[in-house]
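One structure is given below, encoded as structure tokens.
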Amino acid sequence: MLEKALRGGKVYYAWLALLLAVIAAGVLAWLYQLRHGLGVTGMTRDVSWGLYIAQFTFMVGVAASAVMVAVPYYFHNHKVFKPVVILGEFLAVSAVVVCMLFIFVDLGQPARVLNVLLHPSPHSVMFWDMCVLAGYLLLNITIGWTMLSAEKKGVSPPRWAHGLSIAAIPWAVSIHTVTAFLYAGLPGRHYWLSAIMAARFLASAFAAGPALLILICLLLRRRAGLRLEDGAVTSLAKVVAYAMAANVFFFLLEVFTATYSGVPAHAESLSYLFFGLEGLHALTPFMWAAAFLAFAGLTLLITPRWRRSLTLLPWGLAAVFLACWLDKGVGLVLAGFVPSPFGEVHDYSPTGIEILILLGVYAIGALVLTALYKVVIAVRHEEA
Amino acid sequence: MSGKKISRRRFLGLGGAILAGTALLPAFGAALLPPGGGGQSVRYGMVVDWRRLTAEDIARMSRACHEGHNVPAVTEPGHEVKWLWGESFDRVFPEWEAPYAEDPRALSLPVLCNHCESPPCCRVCPTEATFKRADGVVMMDYHRCIGCRFCMAACPYGARSFNFTDPRRYLDEIRGDYPTRALGVVEKCDFCEERLRLGLEPLCAEASGGAVVFGDLADPDSAPRRLLAANFSLRRKAELGTGPNVHYLWRGVEADA
């Protein structure tokens, strides 16, 4: 079936060429980083994780969000989601690929990455994260491909694939829970040391992931002839609205505890994010933008008339997606390092090399996604 | 012999399961053992009588440590590699606010790895590249470290440094009796384990003029334990439960009052 990804129109080839060019630039930038070390990024001994790990964290959420289509379809027999289930699984596949690449480009000694397997360390959350992510990738590629093959042959998928689909649901929850535990179990990093972290991660994931999925589906419906009912779109938009409301609520819980208790360790990271500390405020514009987008997006998605309007809905979804990205893909990881163990404030800003590598990784994800979606659409056009 | 014959499929299945089990055993076996192994006879630790140390004393200790361990003198801001260095009191003990003290910034203390009882860095390391020895020393295996910097996020003391640049470029003179590090690995103080093996005290203690007392904290008669028994002392961020083995003596404060 994969050969179908090689045939397309002019726009398709142009898109592929663009992605390949961005990937090439990213690979060159990564080779430069490999040679000169992570000193070519904006990371320091004080802010020792930057945009790479932040993107990893955010994309684990996008990967986990495939369940928001699977749960209504498998558990509530929500038939209208049928054409979206495979798309959700393939989005998860490319998101996990992106996650793994972000971990890889963040390593100081990438050639030693297999030490994680050679010296398995169950006391390290990173070890478990690797296990659940690898398992999730395998699950989704197997389920997605099997279901698509069945669709191509016009038969119903084998029973074991159904079993795997059910297994993938708690598995998806596990990948984001374990990713939250990377942060929530560290003493001395008070912005992360919070029991609500995993719940917050899941809520923002279930908002941002399906929002992205709907946006891609709408684009494919218009440009590539993807068959999809409006009902599927508005019903998934409801999921986004609920999840985003929960996400904002969880965040406000953190704000309450920090501000009402007045305990400096709890409040400092949040003050840094929204107002800056000691004259440093690299992240404040991003966080205020996130706050504005979150409320604008929620307003658009909660109001039934606006949610059902196919002209307004994409704006609401884009606003929610961007808000989640700014909160988790920028603010959360960086602010965890402020203040430093010595109570100092350090801003971080990525370098050009870092941005090129970041774009290259996302382009690889987009290439995987494009190829998989192309196959899905080609198979469906063929059978019709 | 009622034919309980094992089919080839079942044989292969069982064989595979046993093979997988043996592969996973070392991973989970390690988790069941107490960290650092059993039978603790020695627990190395340090007492810092910091009121006796001037900024120059600390600079001398830092130099001795860094020269002795080929620690590169990286100058680029944010990329410095440090094993032992001086910090002002308000940074070392941010929770001990002293707003009306004359100038808490003027007081300087040496800081280094605390060789914690329950080290978060070892807990989070995905490759056992950093681990705690039975004698309490928290070690680094520079050949195993993948440079993920999870330990740096986990350390509440900022005691770990990452080689953002090639460290060998910053070494004027390379000491042959201690290894240099490669680009992209984390490093930190190792309590001079190469000297402990020879029965010598750490370089910083030697250079401190007696203000830093090193020894076995498990032995009630050791020099550091006697100091701790007779004086009030502080440990950095003890509320986090990491159990630092570097103690800061609070001697002579009454005399100043």
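Ratio of Rg to Rh for segment A:116-197: 1.15 [Cα atoms; Kirkwood radius as inverse mean 1/r over pairs]. Once the Cα atoms are used to define both axes, helix B:8-32 deviates from the longest principal axis of chain B by about 10 degrees. Taking the inverse of the mean 1/r over every pair of distinct Cα atoms in the protein assembly as shown gives a Kirkwood hydrodynamic radius of 27.0 Å.
Per residue of A:104-114, how many C-beta atoms from partner chains lie within 10 Å of its own C-beta, taken as a mean?
Going residue by residue through A:104-114 and averaging, the value is 5.
If you take all other residues with their beta carbon under 12 Å from the beta carbon of B:Gly147, and give Lys and Arg +1 and Asp and Glu -1, the sum is +3. Cα centroids of segment B:50-72 and segment A:302-375: 44 Å apart.
For the residues of A:125-131, the average number of beta carbons from a partner chain within 10 Å of their own beta carbon is 3. Semi-axis lengths, largest first, of the ellipsoid equivalent to segment A:225-282 are 38, 15, 5 Å, with √(5λ) applied to each eigenvalue of the Cα gyration tensor. Give the interface area between chains B and A as buried accessible surface, both sides summed, probe 1.4 Å, in Å² to the nearest 100. So the buried area, both faces added, is about 3700 Å². From the alpha carbon centroid of segment A:8-27 to that of segment B:73-95 is 46 Å. Using the Cβ-Cβ distance between A:Val155 and B:Arg169 with R0 set to 56 Å, the FRET efficiency works out to roughly 0.30.
Packing around the peptides B:174-182, A:129-137, taken as the average count of other Cβ atoms within 10 Å per residue, puts them in this order, highest first: A:129-137, B:174-182. Note on A:Leu20 and A:Leu114: with the Förster distance fixed at 22 Å, the Cβ-Cβ geometry gives a FRET efficiency of about 0.20. Note on chain A: percent of Cα-Cα distances in each 10 Å bin, starting at 0 and stopping at the bin with the largest distance, equals 5, 23, 33, 26, 11, 2, 0. Computed over protein heavy atoms with a 1.4 Å probe, the accessible surface of chain A works out to 41 Å² per residue. Its convex hull of Cα atoms gives segment A:269-384 a direction-averaged projected area, equal to a quarter of the hull surface, of 10.5 nm².
Seen from A:Tyr52, the other residues with C-beta closer than 15 Å to its C-beta sum to a net charge of -1, counting Lys and Arg as +1 and Asp and Glu as -1. Net charge in the neighbourhood of A:Arg227 (other residues with Cβ under 9 Å of its Cβ; Lys, Arg +1, Asp, Glu -1) is +1. In plain terms, the C-alpha convex hull of segment B:40-190 casts an average shadow of 10.2 nm² when viewed from every direction.
Taking segment A:2-383 as the region of interest, the number of lysine pairs whose Cα atoms are within less than 25 Å, with members eight or more places apart or on different chains, is 16.
In segment A:3-155, the alpha-carbon atoms span a convex hull of 173 Å³ per residue.
Computed across chain B, the Kirkwood hydrodynamic radius from all distinct Cα-Cα pairs reaches 20.5 Å.
Within 10 Å of the Cβ of each residue in A:41-47, the mean number of Cβ atoms contributed by other protein chains is 5.
Put a dot 7 Å past the Cα of A:Phe275, heading toward its Cβ, do the same for A:Leu219, and the two dots end up 3.9 nm apart. With a 1.4 Å probe and every protein chain kept in, tell me what percent of the accessible surface of chain A is carbon plus sulfur. That share works out to 72 percent. If R0 equals 30 Å, the separation of the Cβ atoms of B:Arg10 and A:Ile166 corresponds to a calculated FRET efficiency of about 0.70.
Gyration tensor over the Cα atoms of segment A:72-134: the corresponding equivalent ellipsoid has semi-axes (square roots of 5 times the eigenvalues, largest first) of 33, 14, 7 Å.
The values are calculated or read from the model by the stated rules, or taken from the named source; none is laboratory data. Worth saying up front: this structure is predicted, and the values here are computed from it rather than measured. Here the Cβ is made from the backbone with ideal geometry for all residues, glycine too, and neighbour counts use every protein chain on show. With ligands, DNA and RNA removed, areas are computed over all heavy atoms of the protein, side chains included. Shrake-Rupley method; radii C 1.70, N 1.55, O 1.52, S 1.80 Å.
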